[in-house]
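Below is one structure, written out as structure tokens; the observations come after it.
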Amino acid sequence: MSRSLKTLFLLTDIGFILYWAVTWGSWIPKEYLYQDYTNPLLVAWNLSFLPLDLLISATGLYSLFLLRRSDQRSRMVALISLVLTSCSGLQAIAFWSFRGEFDWGWWVPNLYLMIYPLFYIPRLLRKEQPGSIMLKNT
């Protein structure tokens, strides 16, 4: 696993944990909240990401733990984390697009989540591991 991916995992996974701690504690100033943040449907929509985001953090951090132990499963767990991360960003971008709301404060982090994994997923799929079902580089 590259140094840049390790760094991005740490930033993203700790970032998710911090975001949910800040959200749960209602520490985000009102001027930075998404539009209609008091709408119960939008609150529920935002909270629906909690399990996914925490699973992303758990798999990303677990892949780093496995890597430190030289466990071959680290690549597969990292791949799972990256796919989930991209899906999380895509889902949020799709939602804001359908609503026609373009607030860069929410779009930039979600575009990051959607796009950065796309640079690493092919690399993880190309690297062959003994006994692995990963795709070979052809």
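All of the numbers you see were taken from the coordinates with simple rules; none came from a lab. This one's a predicted model, so the numbers in the text were calculated from it and none came from an experiment. Cβ coordinates were reconstructed from backbone atoms using ideal geometry, including for glycine residues, and neighbour counts include every protein chain displayed.
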With 25 Å as the cut-off, how large is the P(r) tail for the chain, expressed as percent of Cα-Cα pairs?
32
Taking 41 Å as R0, compute the FRET efficiency from the Cβ-Cβ separation of N46 and R123 and round it to 0.05.
0.80
